[in-house]
1. Only one residue in Gln92, Gln63 is surrounded by 14 or more Cβ atoms within 10 Å (Cβ to Cβ), free of Cβ contacts under 8 Å to residues at least 24 places away in the same chain, farther than 13 Å from Met28 by Cα and not β-branched (Val, Ile, Thr). Which one?
2. Among residues belonging to segment 28-44 that are at pLDDT 95 or above and of a type in the set (S, T, N, Q), point out the one that is least open to solvent (accessible area, probe 1.4 Å).
3. Could you tell me which residue of segment 45-60 is farthest from Lys104 (Cα to Cα), considering only residues that are under 12 Å from the mean Cα position of the chain (by Cα) and crowded, with 16+ Cβ neighbours inside 10 Å?
4. Of (1) in contact with a strand residue (DSSP E or B) (Cβ under 9 Å, 6 or more places away or on another chain); (2) open to solvent by 70 Å² or more (accessible area, probe 1.4 Å); (3) closer than 24 Å to Thr17 by Cβ, Arg124 satisfies all except one. Which?
5. I'm checking my understanding of the structure. Among residues of segment 66-87 that are touching a Phe, Trp or Tyr at 6+ places or on another chain (Cβ under 9 Å) and under 18 Å from Leu24 (Cβ atoms), which one is most open to solvent (accessible area, probe 1.4 Å)?
6. Answer yes or no: is there a residue in segment 105-112 that is within 22 Å of Thr15 (Cβ to Cβ), open to solvent by less than 30 Å² (accessible area, probe 1.4 Å) and touching a helix residue (DSSP H, G or I) at 6+ places or on another chain (Cβ under 9 Å).
Amino acid sequence: LCCGTNSESPPLQCTLTGSWINDLGSNMTIGAMNRKGEFTGSYHTAVTATTNEIQLSPLQGSQHRTNQKSHPTFGFTVNWSFSDSVTVFTGQCFVDEEGKEVLKTMWLLRSHVDNIKNDWKATR
């Protein structure tokens, strides 16, 4: 997820809670955060390397608690409902020059492989 914009909250500060869409058309919704900075939500990807039908997938994550007021760092895991893979995202929330909230993230996707000899090709 790179460069998504939150359509639900005003851009006074960077808030993860809400609906996000990225440049490829994937949609993510992050629910309310608890006092520990933990959250749950859902992710509907627009892209996949499998031929399986894309399905809404659950996510869970956390936001760093000491910087919740301005540009928080966070991480979350998506457990794909339609494949034997998991993706972890890590990133930071920013407010750009136009006042829009933007998530800048990096991700790793781990696919299932049948044996340890194929481990080398299981992570992208």
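The values are calculated or read from the model by the stated rules, or taken from the named source; none is laboratory data. As the structure is a computational prediction, the values presented were derived from the model and not from experiment. Glycine also receives a Cβ, built like all others from the backbone with ideal geometry; neighbour counts cover every protein chain displayed. The area values use the complete protein model at the heavy-atom level, side chains included, leaving out ligands, DNA and RNA. Shrake-Rupley method; radii C 1.70, N 1.55, O 1.52, S 1.80 Å.
1. Values: Gln63 fails: free of Cβ contacts under 8 Å to residues at least 24 places away in the same chain.
Just a single option satisfies the conditions, and that option is Gln92.
2. Only one residue fits best here, namely Ser42.
3. Going through segment 45-60, the residues under 12 Å from the mean Cα position of the chain (by Cα) turn out to be 45, 57-60.
Of the ones still in play, those that are also crowded, with 16+ Cβ neighbours inside 10 Å are 45, 57, 59.
Working: Thr45: 17, Ser57: 21, Leu59: 17 Å.
Out of the qualifying residues, it is Ser57.
4. (3)
5. The extreme case among them is Trp80.
6. From segment 105-112, those within 22 Å of Thr15 (Cβ to Cβ) are 105-107; that's our starting set.
If we keep only those that are open to solvent by less than 30 Å² (accessible area, probe 1.4 Å) too, we end up with 105.
When the remaining residues are screened for being touching a helix residue (DSSP H, G or I) at 6+ places or on another chain (Cβ under 9 Å), the result is none.
So far as segment 105-112 goes, no, none of its residues is within 22 Å of Thr15 (Cβ to Cβ), open to solvent by less than 30 Å² (accessible area, probe 1.4 Å) and touching a helix residue (DSSP H, G or I) at 6+ places or on another chain (Cβ under 9 Å).
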